[in-house]
1. Take Gly302 and decide whether it is closer than 28 Å to Ser102 by Cβ, in contact (Cβ under 8 Å) with a residue 12 or more places away in the chain and surrounded by 20 or more Cβ atoms within 10 Å (Cβ to Cβ).
2. Quick one: is Ile293 β-branched (Val, Ile, Thr), free of Cβ contacts under 8 Å to residues at least 40 places away in the same chain, in the same structural domain as Val184 (by TED's automatic domain parsing) and surrounded by fewer than 24 Cβ atoms within 10 Å (Cβ to Cβ)?
3. Can you name every residue in segment 77-91 that is within 16 Å of ligand 1 (Cβ to nearest atom) and within 19 Å of Pro315 (Cα to Cα)?
4. Filter segment 148-170 for residues that are closer than 15 Å to Glu253 by Cα and either away from ligand 2 (no atom under 11 Å from the Cβ) or surrounded by fewer than 24 Cβ atoms within 10 Å (Cβ to Cβ) (or both) and give the result.
5. Residue by residue through segment 226-239, note down the ones that are closer than 17 Å to Gly191 by Cα and either charged (D, E, K, R) or within 23 Å of the chain's Cα centre (by Cα) (or both).
6. Name every residue in segment 305-336 that is acidic (Asp, Glu) and either surrounded by 16 or more Cβ atoms within 10 Å (Cβ to Cβ) or farther than 26 Å from Asp359 by Cα (or both), in order of residue number.
Amino acid sequence: MKAAVLYEANSPLVIERFDLPDIADDQVRVRLMASGVCHSDWHIVKGEWVDINRPPVILGHEGAGVVEEVGPAVHSVKEGDHVVLSWMRNCGLCEMCQVGYSNLCDEPWDRRGQPHFENSERPMKRMNALGTFSTETIVPQDIAIPIDREIPFPQASLVGCGVMTGVGAALNTAQVQAGKSVAVFGCGGVGLNVIQGAAIAGAEPIIAVDLLDNKLEMGRQFGATHTVNSAELDPVEAIRELTGGKGAHYAFEAIGLVPAPYKQAILCTRKRGLTVFVGHGPDNMAIELDCKILGPEKMVIGSMYGSCRPRLDFPRIFSLYKAGKLKLDELVTRVYPLEAVNEAFDALGRGEVARSVLDLT
Ligand SMILES: [Zn+2]
Ligand SMILES: [Zn+2]
């Protein structure tokens with residue numbers, strides 16, 4: 001199989017051939033058909049996350065494909081099933097899994113049998129034990145979630161990370177209520193999905209904040225009722241004005257690049273408002289806050305993978321899509337072959353796309 005490898009931060013990915021190891025009893029081999037190119041991949045390319053998925057590594061964690069082979073102990077999928085891969089494993093047994101937050105599973109990833117792929121020189125690890133920038137991968141059965149055959153693979157792949165992270169932040173983590181006000185900082189692949197999650201919940205108004213007008217236009221397409229270009233206006237003041245001087249009931253930081261929007265998100269909420277940190281910024285990035293900032297009973301919570309339980313929430317996303325209530329087609333801005341993965345990163349860096357997808361067929 002072919003895969004795109006990052007050998008060093010800030011260098012182009014290299015396409016290489018690998019031999020796959022045999023699958024273990026509880027694993028499945030998946031022929032990947034599509035992989036989204038996510039900001040988390042980009043953080044690793046830029047050397048901004050050094051604790052996890054350190055290069056050399058096969059990148060990619062937003063994949064969909066067809067099950068080609070299953071181990072003898074596999075019962076949840078069969079050969080020929082179409083699947084979306086979840087990038088968070090769940091053991092089903094730890095405290096977090098038991099209380100319904102399998103997105104926070106305690107089981108360390110590498111204890112769950114990560115086969116390393118070999119090229120001619122050495123074994124190679126895969127991002128989140130997936131490595132979806134490749135034509136095939138091997139995963140434990142618990143993270144291969146079967147989906148309807150009619151869902152196109154590029155659209156399906158995006159549910160594996162960006163869509164779930166954004167929609168889940170609104171519907172699961174924050175549990176946005178109908179008729180309440182929402183501000184979303186960032187109209188990238190995740191932010192657009194926070195916006196459409198808030199729209200599905202019936203929030204009003206939904207205020208999108210970004211520096212780029214093309215992104216704000218996408219924000220409107222996904223359900224924003226108002227937009228604020230933060231290069232031109234102070235977003236905190238603008239959001240207060242749009243919410244009768246009180247501030248938003250909910251604010252979401254969905255950029256994860258610089259400290260300012262995290263702080264602005266807290267500042268723009270009203271009394272007892274909830275701020276959700278969706279963006280996972282570079283390592284060691286600090287936010288400076290006045291200690292009284294939460295005085296009016298404001299709340300701040302992180303969101304990991306949209307607080308999702310993939311087996312429950314992926315099908316929920318696809319039923320909303322099939323009913324025309326959730327946009328996936330519009331997220332696929334560009335499709336690149338695997339060989340053009342570096343161009344896809346360039347487009348992401350320039351803020352040109354909602355999402356690029358690699359066609360792996
Ligand atoms: Zn667990
Ligand atoms: Zn991602």
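The values are calculated or read from the model by the stated rules, or taken from the named source; none is laboratory data. Since this is a predicted model, take the numbers as computed values, not measurements. Cβ sites come from the backbone with ideal geometry, for glycine too, and all protein chains shown count toward neighbours.
1. Criteria not met by Gly302.
2. Against the criterion (β-branched (Val, Ile, Thr), free of Cβ contacts under 8 Å to residues at least 40 places away in the same chain, in the same structural domain as Val184 (by TED's automatic domain parsing) and surrounded by fewer than 24 Cβ atoms within 10 Å (Cβ to Cβ)), Ile293 qualifies.
3. Of all residues in segment 77-91, those within 16 Å of ligand 1 (Cβ to nearest atom) come to 86-91.
The answer is Ser86, Trp87, Met88, Arg89, Asn90.
4. Residues satisfying the conditions are Val167, Gly168, Ala169, Ala170.
5. Across segment 226-239, the qualifying residue is only Thr227.
6. Correct list: Asp313 only.
Every residue, every condition in (1) buried (at least 24 other Cβ atoms within 10 Å of the Cβ); (2) of a type outside the set (Val, Ile, Thr); (3) assigned by TED's automatic domain parsing to the domain that holds Trp49, yes or no:
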| residue | (1), (2), (3) |
| --- | --- |
| Val209 | yes, no, no |
| Leu216 | no, yes, no |
| Asp234 | no, yes, no |
| Thr243 | no, no, no |
| Gln264 | no, yes, no |
